[in-house]
Ligand SMILES: [Zn+2]
């Protein structure tokens with residue numbers, strides 16, 4: 001393979017995003033994975049298995065073609081390589097994927113609860129973050145469970161039961177922002193639900209609200 005023109009830039013962007021995700025404690029140890037699509041060829045750069053978000057370097061990141069061919073590498077491919085590749089195959093607008101095991105969001109997912117989009121920002125930027133069940137045999141989610149949810153072009157974020165989160169976007173930073181918003185929203189939801197339970201309130205007591213666009217439409221402006 002001749003070196004794609006944007007390879008070094010994309011590797012550096014991935015390294016910076018992984019460090020940010022680690023610094024925010026959204027992903028510790030060697031779990032989670034993130035990837036970015038190359039513009040020059042039909043391939044992605046992805047973190048391999050067994051390398052932490054804080055240990056990504058130009059030398060350990062892997063290049064994998066969308067047909068599944070892995071460029072020569074001494075590292076094991078990520079267990080989640082299959083769902084990353086399929087997300088890029090099914091949606092042209094997906095140029096980057098951040099998958100992490102951030103604790104507040106994964107706590108919700110492990111309780112079988114969908115994280116509510118309860119702030120104005122999440123309604124505007126995400127709309128809904130579906131909870132994706134484990135595989136039918138109880139194993140980790142694969143493209144069989146994940147891709148059907150992302151077939152809907154409006155879906156940019158999802159949460160995996162007993163596993164973690166997925167944010168997708170046009171750039172690594174956009175996908176990373178979603179990883180941060182998912183986690184922040186789970187934390188806010190936990191505080192809200194704990195306080196409401198302590199004060200004997202239910203969600204029926206809360207105001208309903210929508211997006212700016214919906215408000216303008218309702219006002220006819
Ligand atoms: Zn994972």
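The values are calculated or read from the model by the stated rules, or taken from the named source; none is laboratory data. These figures come from a predicted structure and were not determined experimentally. A quick note on method: Cβ atoms are made from the backbone with ideal geometry, for glycine too, and the neighbour counts reach across all protein chains shown.
If you go through region 194-201 one residue at a time, do you hit one that is in contact with a helix residue (DSSP H, G or I) (Cβ under 7 Å, 6 or more places away or on another chain) and either crowded, with 16+ Cβ neighbours inside 10 Å or at pLDDT below 95 (or both)?
Residues of region 194-201 that are in contact with a helix residue (DSSP H, G or I) (Cβ under 7 Å, 6 or more places away or on another chain), as a first pass: none.
No: zero hits.
So which pairs qualify, if the first residue must be in region 93-119 and more than 28 Å from residue 46 (Cα to Cα), the second must be within 13 Å of the ligand (Cβ to nearest atom), the Cβ gap must be under 7 Å, and the two must be at least 6 apart or on different chains?
These pairs meet every condition: 112/161.
For region 18-28, which residues satisfy the criterion of being within 16 Å of the ligand (Cβ to nearest atom) and within 16 Å of residue 60 (Cα to Cα)?
Hit for region 18-28 is 18, nothing else.
Can you name the number of the only condition in (1) in a loop (DSSP other than H, G, I, E, B); (2) closer than 30 Å to residue 11 by Cα that residue 118 fails?
Just one mismatch for residue 118, condition (2).
Examine region 129-151 for a residue that is within 13 Å of the ligand (Cβ to nearest atom), part of a strand (DSSP E or B) and closer than 26 Å to residue 29 by Cβ, and state whether such a residue exists.
Yes, that holds for at least one residue.
Given the structure, is residue 158 within 15 Å of the ligand (Cβ to nearest atom), part of a helix (DSSP H, G or I) and crowded, with 22+ Cβ neighbours inside 10 Å?
Answer is no for this residue.
Can you pull out the residues in region 83-113 that are in a loop (DSSP other than H, G, I, E, B) and exposed (fewer than 15 other Cβ atoms within 10 Å of the Cβ)?
92, 93, 111, 112
Taking only region 32-55 into account, find how many residues are crowded, with 18+ Cβ neighbours inside 10 Å and either at pLDDT below 95 or under 23 Å from residue 182 (Cα atoms) (or both).
9
Among residues belonging to region 161-185 that are assigned to a helix (DSSP H, G or I) and within 16 Å of the ligand (Cβ to nearest atom), point out the one that is surrounded by the fewest Cβ atoms within 10 Å (Cβ to Cβ).
183
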